[in-house]
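Engineer: Below you will find the structure I want to go over with you.
The values are calculated or read from the model by the stated rules, or taken from the named source; none is laboratory data. Every value quoted in this text rests on a predicted model; they were computed, and no experiment measured them. Backbone-built Cβ (ideal geometry, glycine too); neighbour counts: all protein chains shown.
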Amino acid sequence: MLDLVLQALQTLFTPEHFMYLLLGVLLGLVIGIFPGLGGIAGLSLLLPFLYGMDEVSALATLIGLVAVIPTSATFTSVLMGIPGSSSSQATVLDGFALAKKGQASRALGAAFSSSLLGGLFGVIILTFFVQIARPMILLFGSAELFMLAIFGLSMVGSLSGKSLVKGVVACGFGILVGSIGAAPATGEFRMTFGINYLYDGLPLAVIALSIFAFPEISELFRKETAIAEETDMGKAGMLTGVKDLIKNKWLALRCAGIGTIVGAIPGMGGSVVDWIAYGHVVQTTKDKSQFGKGDIRGVIAPESANNAKEGGALMPTLLFGIPGSGSMAVFLGGMVLIGIEAGPSMVTKDIDLTYTIIWSLAIANVIGAGLSLFLAGPISKLTQIKFSLLAPFMIMVISFAAFQSTKDMMDLWMLLCFGLIGIFMKRFGWSRPAFLIGFVLATQAESYLNMSVQFYGWEMFWRPGVIIIMLLSLISVYYSRKGTVDENAELMKKEMPTELNRRPQLIFAGLILMFILVAIFDSWQQSFLGKVFTLSIAYAILPFAIWLIWIYLKGEATNAAIFDAEQVSEAGTFKAPWYEPILWIGGLYVVSLLTGFIPAIMLFFIAFFTLKANTNVWRTALLTAAGTAFLMLFGYFLNLEFPQGIFF
């Protein structure tokens, strides 16, 4: 055994292995910075190049890519409010809020140092527990996995803002939207309305960009200002972020532990681990007043967890050949391509290969975090660029990233549709995190519930693991309402005007209620296994939705549910009407439908810079050429596709 471990160390420090590991890290940085691609897309793009590579080189490149994408995805989450990947969604809440306060470097410094700590923690756990991890992972059956999904949903209370009723409806709405498409148990199509695009459900990347990035871009578009008036650029801001991590080291270690555990459970993956960590820090902190407004702990917690998750996800991937996450599924495919078979042999005769993978992950984390810290200062300058110059590039990025989900033009129309929903959710104080948690966990919760009922019957609830997780969920719900995160907390401190026009939010809540009723009607057309989950959720949130309508009609003006950022904000905050960004982006998609994305984005840049930004002809030409060239080169080297038009 000792000889095999020494052999792993020898392989680890060969120049060839280190060179390809560095190559993987650099690729991961590029792909991670571009929102919407994430680990699954990044690894998928790399797989064709693995043919013909030797085992050491291919494995090093794969590991470098896997390790760094969760780290580099933080750039857009903090600087632009655009989730770089599914595991960096929670970072947006406080990371982007800090960037708007001019503390982008501090947020990035804390994020990258937390990612480094979390990644190394996951590797250490994996190193010492790889021999005993197998029996521990086998303890989790479908019943325990279902309860873990419920545990994730229990975080909704702490993320629902001042109005719990809105948080419950938002979460239920997210679950129902996540249930669109084929039922896991029967394959019956639910709420597809005859649209082929909906048969496979809505892509997570499209929904995440819609709910988080779209409203932030729209708000900055309307304010016509830079993201931050001034920023803490340079080493000072980053060092402050590192000091914040040292100050909150025990929080970071706890969240890294959460990330490792959740990552090791097959099927949970990175889409929820950051929310669980974020919910944990909110629930266990006495002073919750700054969460959602720029609390550095809201950056440290999810960033520690999402990198530690990669180490945890390697456990079931290597020991059972069962991917711990979506990116690990592609990683497993890469292992098969280069002739490595995952399974029990990875802890016996192939233990040297296992430790090579584990320790390569540690080195890649160190290199990735170091490079990200080095780039943080210069890249944080983006927050000071006038938004009228930055907006077209951000719109181009989220549109192109969303299209990579299914390579269908419907990706863009869904981005626009749910982007509009995201705008109104933010405006009316609906919890966007609660919606996204519901969406992410919908399929997992339903699948595990169906399997559990078939395997164990209703006796599943008497299994020891289920009881333990159920108790943890109840404790989570209890502590969640002791203090809540509200994205509009500052505005809600102001006295609500008695003459507040409730009609806009009444219409929005009415449309949500109509969707719930449609879900109930549609569910009754399905078989028992096809309808039991969605019907239960719809019936559960229906009273809350009706209650919310009643509040809008008859409730007191001081009720926290009656909130409209548009009417509470100071006069002059918004210099453009709420529908103007929708018209610009919708126009881009209409032209894309006719001419294709590249000609459309060129016309969009020219029109926007000329009419909205009032730039001169030469600057307009230069910016248009730069944006188009970047997009085409990026698409060419990564073999990505662009929307095609009817005529071109």
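Engineer: I need a count of the residues in segment 620-644 that are in contact with a Leu (Cβ under 7 Å, 6 or more places away or on another chain) and over 20 Å from Ala391 (Cβ atoms).
Structural biologist: Count: 2.
Engineer: Scan segment 477-522 for residues that are farther than 19 Å from Ile551 by Cα, part of a helix (DSSP H, G or I) and at pLDDT below 90 and jot them down.
Structural biologist: Val477, Tyr478, Tyr479, Ser480, Ala489, Glu490, Leu491
Engineer: How many residues are in a loop (DSSP other than H, G, I, E, B), under 29 Å from Leu164 (Cβ atoms) and either within 15 Å of the chain's Cα centre (by Cα) or not assigned by TED's automatic domain parsing to the domain that holds Gln505 (or both) when one looks only at segment 392-430?
Structural biologist: Summing the residues that are in a loop (DSSP other than H, G, I, E, B), under 29 Å from Leu164 (Cβ atoms) and either within 15 Å of the chain's Cα centre (by Cα) or not assigned by TED's automatic domain parsing to the domain that holds Gln505 (or both) in segment 392-430 gives 0.
Engineer: For segment 626-648, how many residues meet the condition of being over 22 Å from Gly28 (Cα atoms) and among the hydroxyl-bearing types (Ser, Thr, Tyr)?
Structural biologist: 1
Engineer: Filter the helices (runs of 4 or more DSSP H) completely within segment 72-149 down to those with at least 1 residues that are out of contact with any helix residue (DSSP H, G or I) (no Cβ under 9 Å at 6 or more places or on another chain) and at pLDDT below 80.
Structural biologist: Per the criteria, 104-129, 133-138.
Engineer: Kindly check whether there is at least one residue in segment 352-360 that is crowded, with 19+ Cβ neighbours inside 10 Å, modelled with pLDDT under 80 and under 30 Å from Leu220 (Cβ atoms).
Structural biologist: no
Engineer: When both residues are 6+ apart or on different chains and their Cβ atoms are under 8 Å apart, which pairs have a first residue that lies in segment 146-161 and is over 13 Å from Ile469 (Cα atoms), and a second that is modelled with pLDDT under 65 and aromatic (Phe, Trp, Tyr)?
Structural biologist: Ser158/Tyr479
Engineer: If you don't mind, there's one more thing I want to ask. Give the number of residues within segment 346-404 that are acidic (Asp, Glu) and touching a helix residue (DSSP H, G or I) at 6+ places or on another chain (Cβ under 8 Å).
Structural biologist: 1
Residue-wise test of (1) assigned to a loop (DSSP other than H, G, I, E, B); (2) farther than 30 Å from Ser163 by Cα.
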{"residue": "Ala560", "(1), (2)": "yes, no"}
{"residue": "Pro581", "(1), (2)": "no, no"}
{"residue": "Leu603", "(1), (2)": "no, yes"}
{"residue": "Phe642", "(1), (2)": "yes, yes"}
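Engineer: Tell me, yes or no, whether segment 598-605 has at least one residue that is modelled with pLDDT of 90 or more, touching a Gly at 6+ places or on another chain (Cβ under 9 Å) and among the small types (Gly, Ala, Ser).
Structural biologist: Yes, segment 598-605 has at least one match.
Engineer: For Lys349, state whether it is at positive phi, in the same structural domain as Leu93 (by TED's automatic domain parsing) and surrounded by fewer than 21 Cβ atoms within 10 Å (Cβ to Cβ).
Structural biologist: no
Engineer: Would you check which residues across segment 380-414 are hydroxyl-bearing (Ser, Thr, Tyr) and under 30 Å from Asn616 (Cβ atoms) and list them?
Structural biologist: Ser380, Thr383, Ser388, Ser399
Engineer: Determine which single condition Ile541 fails, assuming it passes every other condition in (1) over 26 Å from the mean Cα position of the chain (by Cα); (2) farther than 30 Å from Met409 by Cβ; (3) part of a helix (DSSP H, G or I).
Structural biologist: (1)
Engineer: In segment 154-244, which helices (runs of 4 or more DSSP H) lie fully inside it and hold 1 or more residues that are modelled with pLDDT of 80 or more and over 30 Å from Ser105 (Cα atoms)?
Structural biologist: Per the criteria, 164-178.
Engineer: Something else about it: Within segment 622-640, track down each residue that is surrounded by 12 or more Cβ atoms within 10 Å (Cβ to Cβ) and part of a loop (DSSP other than H, G, I, E, B).
Structural biologist: Result: Leu638, Leu640.
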